[in-house]
Amino acid sequence: MKSAPRPHWRTTLATAAIAGSTVFALAWFVLQTLAPDPYGVPDAPRHIFIDGGAHEGESIRSFKRTRMFRDHRWDIFAFECNPDLASRLSATTDARVLNQAMWTNSGSLEFFLTQETTCSSVFRDAGMGKFEKRRVEVPSIDFAAWLHDNARSDDFVVLKLDVEGAEYPILDHLLKGDAAGRIDILFIEFHNAWVGVPKERDDALLRQLRARGIRVEFAQSKKDGDWFARPHVFSKWSGR
């Protein structure tokens, strides 16, 4: 009686690779499901996620994959002052979309659009100067006042801020009053090189934010929207 032919070594390797990837995927699913929230978000009367510079909703989609999102019910607000992006956001996300620029006062503001939408800014000279800019006027909102009116001190607030240099006046304005105390975790990207701000300014802001009890985190990779994969080593309990 003839024995069954042995499988080709390539077939054996492919089967082993599929089995290995399946085991890895299962282990990752179990880890993500059973592991505690790495950010330690507590129960609160209300949980609020604010996406400052929401772009095309990448950060919101990333946030919805986190353990903290699964563990709590969140009210999500998306600030995006680029009118083209804001209209698309409204059609693709269940967040409340505000087509306004976060700023230090409510009114209107010059905004400079570029073909590469991640580089648009309220500052004409932001960036490397290689992008052609188109000036538009957009509505602005006093973000400190908005935060004070829309979040209570016992709510848990996560703020992501990626606003191409506007973070400096926004944070200065927040820190002048008590609105900064509404924020529990701040995910931020500083754009010092883009707007000609010395890095020491970042360090000074970080000290002030941490002094208010705000935990500060940074983008986890260069991929747009990848903010929440794991807590960064730089938090309010450590130096930078």
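For segment 28-43, indicate whether the set of residues that are assigned to a loop (DSSP other than H, G, I, E, B), loosely packed, with under 12 Cβ neighbours inside 10 Å and at pLDDT below 90 is non-empty. Scanning segment 28-43 turns up at least one residue that is assigned to a loop (DSSP other than H, G, I, E, B), loosely packed, with under 12 Cβ neighbours inside 10 Å and at pLDDT below 90. When segment 152-163 is limited to residues that are of a type in the set (D, E) and touching an Asp or Glu at 6+ places or on another chain (Cβ under 9 Å), the one that is surrounded by the fewest Cβ atoms within 10 Å (Cβ to Cβ) turns out to be D155. Within segment 141-178, the residues that satisfy the criterion of being in contact with a His (Cβ under 9 Å, 6 or more places away or on another chain) and closer than 16 Å to R46 by Cβ are D155, F156, V157, V158.
In segment 188-207, of all residues being of a type in the set (D, E, K, R) and under 20 Å from the mean Cα position of the chain (by Cα), the one that is nearest to E167 (Cα to Cα) corresponds to E189.
Meeting the requirement of 2 or more residues that are within 26 Å of W194 (Cα to Cα) and of a type in the set (G, A, S), the strands (runs of 3 or more DSSP E) wholly within segment 70-114 are 107-114.
Can you pull out every residue in segment 185-201 that is of a type in the set (A, V, I, L, M, F, W, C) and touching a residue at least 40 places away in the same chain (Cβ under 8 Å)? Those that are of a type in the set (A, V, I, L, M, F, W, C) and touching a residue at least 40 places away in the same chain (Cβ under 8 Å): I185, F187, W194, V195.
The sole residue among A91, A95 that is small (G, A, S) and under 15 Å from the mean Cα position of the chain (by Cα) is A95. For segment 137-147, the criterion of being more than 25 Å from A179 (Cα to Cα), surrounded by 15 or more Cβ atoms within 10 Å (Cβ to Cβ) and modelled with pLDDT under 90 is satisfied by no residue at all. Mind listing just one residue for me: the one in segment 182-193 that is modelled with pLDDT under 95 and in a helix (DSSP H, G or I) and, of those, surrounded by the fewest Cβ atoms within 10 Å (Cβ to Cβ)? Result: A193. Among the candidates V216, V233, V197, the residue that is of a type in the set (A, V, I, L, M), modelled with pLDDT under 90 and under 17 Å from G40 (Cβ atoms) is uniquely V233. Quick check on segment 152-171. Is at least one of its residues touching a Leu at 6+ places or on another chain (Cβ under 6 Å) and part of a helix (DSSP H, G or I)? Looking through segment 152-171, at least one residue is touching a Leu at 6+ places or on another chain (Cβ under 6 Å) and part of a helix (DSSP H, G or I). Considering each residue of segment 45-66, count those that are in a loop (DSSP other than H, G, I, E, B), out of contact with any Ser or Thr (no Cβ under 9 Å at 6 or more places or on another chain) and within 20 Å of A91 (Cβ to Cβ), and give that number. Here the count works out to 1.
The values are calculated or read from the model by the stated rules, or taken from the named source; none is laboratory data. As the structure is a prediction and not an experimental result, all values here were calculated from the model. Neighbour counts are summed over all protein chains in view; Cβ atoms, including those assigned to glycine, are modelled from backbone coordinates with ideal geometry.
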